[in-house]
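> Pasting in a structure now, in structure tokens, and then I'll have a few things to ask.
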Amino acid sequence: MSKRENYSIEIAGVKRELPLFEIKPGLRIAILNILGDTELVQASAKELAKKLKDVAFDVLVTAEAKSIPLAHALSVETKKPYIIFRKTYKAYMGDAIKAETLSITTGQPQVLILDEKDRELIQGKKVLIVDDVISTGSTLQGMRMILDKANASIGTCRCLLIKYCRGEVTSPLRRKQFHFLFSRKSLNGSFSFHSGYFV
């Protein structure tokens with residue numbers, strides 16, 4: 001196996017080396033995979049919870065799958081329930097709400113689904129969107145479409161990293177609604193992570 005180039009980051013006092021992968025010719029991305037990284041997830045949830053102490057919201061939402069541990073840990077810290085938007089429909093989801101987005105890693109459409117059982121939990125509620133990494137903002141757009149259909153309002157969005165790949169995030173959320181935990185850094189001009197805490 002060839003040695004892969006890494007990108008060094010520090011989030012909530014925890015240092016990590018992110019491997020770089022080329023997802024298409026001329027475009028490499030650093031992969032943050034928090035699945036199984038209990039130390040990073042717990043530290044990040046505690047730090048995000050501090051930033052949320054004055055933010056009013058009723059429920060956390062995230063998309064399947066890598067951000068699930070962060071949503072769970074943040075739910076424990078804030079004592080608020082969380083909902084997962086799934087990517088595959090199962091019969092037990094009943095009268096689900098669906099929205100289609102485009103995956104940056106595959107370049108293919110992907111579906112986000114709100115289970116029927118969770119519709120009542122968010123109807124008329126103020127939600128906080130949680131994600132591990134925001135790249136193009138297409139997943140956020142899909143989540144927003146679902147939340148609009150469910151008559152929920154978006155209070156704010158929290159994530160660990162916002163990644164700019166040769167351009168700006170195209171999210172429908174206002175820039176001031178993004179709150180995250182990393183400082184801006186560039187790598188060979190091919191992409192940059194944009195993070196911090198917008199007020």
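The values are calculated or read from the model by the stated rules, or taken from the named source; none is laboratory data. Because the structure is predicted, anything quoted here is derived from the model rather than measured. All Cβ positions, glycine included, derive from the backbone under ideal geometry; neighbour counts span all protein chains shown.
> Somewhere in region 92-100, is a residue at pLDDT below 95 and in contact with a His (Cβ under 8 Å, 6 or more places away or on another chain)?
no
> Right, here's the next one. When region 73-120 is examined, which residues are found to be under 28 Å from LYS53 (Cα atoms) and among the hydroxyl-bearing types (Ser, Thr, Tyr)?
SER75, THR78, TYR82
> Please find, within region 42-58, the residue that is surrounded by the fewest Cβ atoms within 10 Å (Cβ to Cβ) out of those that are under 23 Å from GLU10 (Cβ atoms) and either in contact (Cβ under 8 Å) with a residue 60 or more places away in the chain or touching a His at 6+ places or on another chain (Cβ under 9 Å) (or both). Steps first, please.
Initial filter on region 42-58 (under 23 Å from GLU10 (Cβ atoms)): 42-53.
Narrowing the set further to residues that are either in contact (Cβ under 8 Å) with a residue 60 or more places away in the chain or touching a His at 6+ places or on another chain (Cβ under 9 Å) (or both) leaves 44-45, 47-48, 51-52.
Details: SER44: 27, ALA45: 23, GLU47: 19, LEU48: 23, LYS51: 15, LEU52: 20.
Within region 42-58, the match that is surrounded by the fewest Cβ atoms within 10 Å (Cβ to Cβ) is LYS51.
> Between residues in region 59-75 that are without any contact (Cβ under 8 Å) to a residue 40 or more places away in the chain and farther than 23 Å from ALA150 by Cα and residues that are surrounded by fewer than 22 Cβ atoms within 10 Å (Cβ to Cβ) and of a type in the set (S, T, N, Q), which pairs lie under 7 Å by C-beta distance while being six or more apart or on different chains?
Pairs found: ALA73/GLN42.
> Here is a follow-up. List the pairs whose first member sits in region 88-101 and is closer than 13 Å to MET143 by Cα, whose second member is in a helix (DSSP H, G or I) and among the polar types (S, T, N, Q), and whose Cβ atoms are under 7 Å apart, counting only residues at least 6 apart or on separate chains?
THR101/SER138; THR101/THR139; THR101/GLN141
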